[in-house]
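A quick write-up on the structure given underneath.
The values are calculated or read from the model by the stated rules, or taken from the named source; none is laboratory data. Since the structure is predicted, the reported quantities are computational estimates derived from the model, not experimental observations. Here the Cβ positions follow ideal geometry from the backbone for every residue, glycine too, while neighbour counts run over all protein chains shown.
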Amino acid sequence: MKPLSEWLKPPAALLLILFSLTLVSVSALGWFGWKLLAQERLVEAQRAQERLEQDADRIVANLRGALAETGERLAAQSPEKDPDNGLLLRVGENALTAYPAGALLYYPYIAPEPEARPETFAEAEGFEYLQAQPGKALEWYQRLADSKDAAVRAGALVRLARVYRRTGQAQQALAAYQRLASISGVLVARAPADLVGRFESWSLAPAPAAADSLRADLLAGRWRLTRGQFRFYWSQLGHDQPPEDAIALSDAAARAWQESLRDPGARGQETVWIAGRPFFLLWRGAPGARAVLIARPEAILKRVFSGEDVHYAALDSEGRFLAGEKLARQHAAVRAAGENQLPWTLYVATAEAPSAAGLLARQRFLMLVLAVMVLFLIVGTYFIARAIRRESEVGRMQSDFVSAVSHEFRSPLTSIRHLSEILAMGRAPSEERRQVYYETLVKEASRLQRLVEALLNFGRMEAGARQYRFEELDAASLVERVVSEFEPQIASAGRHIELNGASGCRIEGDPEAISVALRNLVDNAIKYSPDFPTVWVEWGEEAGYVAIRVRDHGPGIADSERKAIFRKFVRGTAAATGNVKGSGVGLAMVRHIVAAHRGEIRVASEPGKGSTFTMLLPAMGRV
């Protein structure tokens, strides 16, 4: 079995344990919070049900009071001015009056109004029908049309117009009908004289305005008509249907009239359905002197529920929906019809009450506390895991760096030691060979010195202790000087560096630092493109900057690595694949130097087609 130290080997095992502990803690907090919320909801539901029952009792008492008050007003014969958002009928022995006036399109009963007796026109009608002498009939009708009796005058005018129409005298007939339209309060052929006059005038000279005016007056209840009369005139004036609500109310009045004749009781109430609409009938008084209120149930209920913060539904004795909202009955307080003198079955449910708002506030606070604790655990776990991973990554990169630097130091030290031993033991075969050894020692010592200086410079840059001495520099001269250092090294390998740039590109910077940065870029280009003989170095001005580009034809850099390669100790996959030597601090040092000069380092690369590194340094006058 593996020892515990093996199982806890960082970072994978530590991260696994950390995430497991976090998951257990978060789960425990979630379960605890869920139990608290469930208990809180249960207690609040019980309280809400108690409050709902109390609200239902109070609302039932208010509804009974409202109905009782309305009944008292009906008994006192006083609610004509305010019939409780409904229609008031006064039913007498031979009379029927509706309030407000004009609310009914037609009436179930019409009290007789003045109308001329038929024998008044018997002689004139004899000339008209029996003797076929329309001229004499017209003389009789014209004399009667000037009578002081409005009923006689109306009867004569309608007959006079009839004779004119039969004899083809349309204009005279129209004039007679217009005179008839000005007479009100009397009947002709059991219809209001003015309605007959206006209707027949329209039939002789149809005009949209006249039809609209007649329809408007019919809807305003200007005349007391029977249902048949209203239907006839309305159908003749147009093809559209009258308002269904007004029709239903008029039919409800007819139902109330029938109930008044049938029920001898002095008080009562009933819900009736007319054309699919419910109406509530409430009456007080004997059949000969009875007041009947016709109202929609929702009008009465809205007045009762106007100050209540609840939802409700009202159903009749057969379970049909009357008013309110569709409610889930299992969550409502029920008050059945017949109980507590109710005309309907009521269902009452709570709305968003203050207590519910308080529960919601407490739940939100509890959820907020739990969320903060969970968030704290998750964020803490994230940062701890991130720190562990970063430390592991830094440790790995430092290990790679030490390995790479050791290799870089070992190569020149081995050469120096080997050649020094040869020279110390006098084993050089000739003077020329000894000179070669000396030159090689100098070259390897210089290489070692550059490695040491690069590491020291990078250390100073990281610590912010590197001092820069700015002076005016010519980009072309700087590039040529740095590139010339590589000529002996690459010429022997058959490679070269191609320069291309404009003259007069001047920058202000530290010549040593800029040279170090450019040297790193050129060295990388040479190392990462061993199979291609040419490396390009270009420079020129671009939008106030001097751009120095180093381009190679190497393996390129993956998109995911283009930012990471500028961090210390980081080397791309191409370095491992091509077994390229390096310390991992070169590009990081380039970034430091360019940033210190208020510039920018950019990289453009395409895998398999090479890379281009660009240093953008402010031209003279911009620093």
Review point. Which of the residues spanning the range 104-137 are surrounded by fewer than 19 Cβ atoms within 10 Å (Cβ to Cβ) and within 60 Å of the chain's Cα centre (by Cα)?
Key: TYR109, ILE110
Practice item. Would you kindly identify the strands (runs of 3 or more DSSP E) lying entirely within the range 432-535 that contain at least 1 residues that are at pLDDT 85 or above and either of a type in the set (Val, Ile, Thr) or more than 24 Å from MET620 (Cβ to Cβ) (or both)? Key: 496-501, 506-509
Practice item. Could you tell me whether any residue of the range 305-318 is part of a loop (DSSP other than H, G, I, E, B) and within 30 Å of SER201 (Cα to Cα)? Key: no
Revision key, fill the gap. Taking the range 493-509 and keeping residues more than 14 Å from VAL546 (Cβ to Cβ) and either small (Gly, Ala, Ser) or crowded, with 18+ Cβ neighbours inside 10 Å (or both) leaves ALA493, GLY494, ILE497
Review point. Any residue in the range 585-598 that is modelled with pLDDT under 75 and buried (at least 17 other Cβ atoms within 10 Å of the Cβ)?
Key: yes
Review point. Of all the residues that make up the range 241-293, how many are in contact with a strand residue (DSSP E or B) (Cβ under 7 Å, 6 or more places away or on another chain) and in a helix (DSSP H, G or I)?
Key: 10
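Matching residues to (1) under 28 Å from TYR109 (Cβ atoms); (2) out of contact with any Leu (no Cβ under 8 Å at 6 or more places or on another chain); (3) surrounded by fewer than 20 Cβ atoms within 10 Å (Cβ to Cβ):
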| residue | (1), (2), (3) |
| --- | --- |
| ARG162 | no, yes, yes |
| GLY185 | yes, yes, yes |
| ALA193 | yes, no, no |
| PRO206 | no, yes, yes |
Review point. Which one of these does LEU195 not meet: (1) farther than 30 Å from LEU261 by Cβ; (2) part of a helix (DSSP H, G or I); (3) of a type outside the set (Ser, Thr, Tyr)?
Key: (1)
Check your understanding: Of the residues that sit in the range 68-83 and are within 18 Å of GLU298 (Cβ to Cβ) and either β-branched (Val, Ile, Thr) or surrounded by 20 or more Cβ atoms within 10 Å (Cβ to Cβ) (or both), which one is modelled with the lowest pLDDT?
Key -> PRO83
**Study point:** Unmet requirement for ILE183, which otherwise passes all of (1) in contact with a helix residue (DSSP H, G or I) (Cβ under 6 Å, 6 or more places away or on another chain); (2) assigned to a helix (DSSP H, G or I)
**Key:** (2)
Exercise for review: Scan the range 309-334 for residues that are closer than 18 Å to PHE280 by Cα, surrounded by fewer than 17 Cβ atoms within 10 Å (Cβ to Cβ) and at pLDDT 85 or above and jot them down.
Suggested key: ARG320, PHE321
Review point. So how many residues does the range 142-154 have that are surrounded by 13 or more Cβ atoms within 10 Å (Cβ to Cβ) and either over 19 Å from LEU204 (Cβ atoms) or at pLDDT 90 or above (or both)?
Key: 9
Revision key, fill the gap. Flagged in the range 160-182 as small (Gly, Ala, Ser) and within 22 Å of SER147 (Cα to Cα), in numbering order, are ALA161, ALA173, ALA175, ALA176, ALA181, SER182
Check your understanding: For the range 104-122, what are the residues that are of a type in the set (D, E, K, R) and either touching a residue at least 12 places away in the same chain (Cβ under 8 Å) or in a loop (DSSP other than H, G, I, E, B) (or both)?
Key -> GLU113, GLU115, ARG117
**Study point:** Those residues of the range 23-48 which are farther than 19 Å from VAL372 by Cβ, touching a residue at least 24 places away in the same chain (Cβ under 8 Å) and either exposed (fewer than 11 other Cβ atoms within 10 Å of the Cβ) or within 34 Å of the chain's Cα centre (by Cα) (or both), in sequence order
**Key:** ARG41, GLU44, ALA48
Exercise for review: Would you mention how many residues in the range 104-120 are in contact with a helix residue (DSSP H, G or I) (Cβ under 7 Å, 6 or more places away or on another chain) and not aromatic (Phe, Trp, Tyr)?
Suggested key: 7
Exercise for review: Please work out if ALA181 is out of contact with any strand residue (DSSP E or B) (no Cβ under 6 Å at 6 or more places or on another chain), crowded, with 18+ Cβ neighbours inside 10 Å, of a type in the set (A, V, I, L, M, F, W, C) and in the same structural domain as SER147 (by TED's automatic domain parsing).
Suggested key: yes
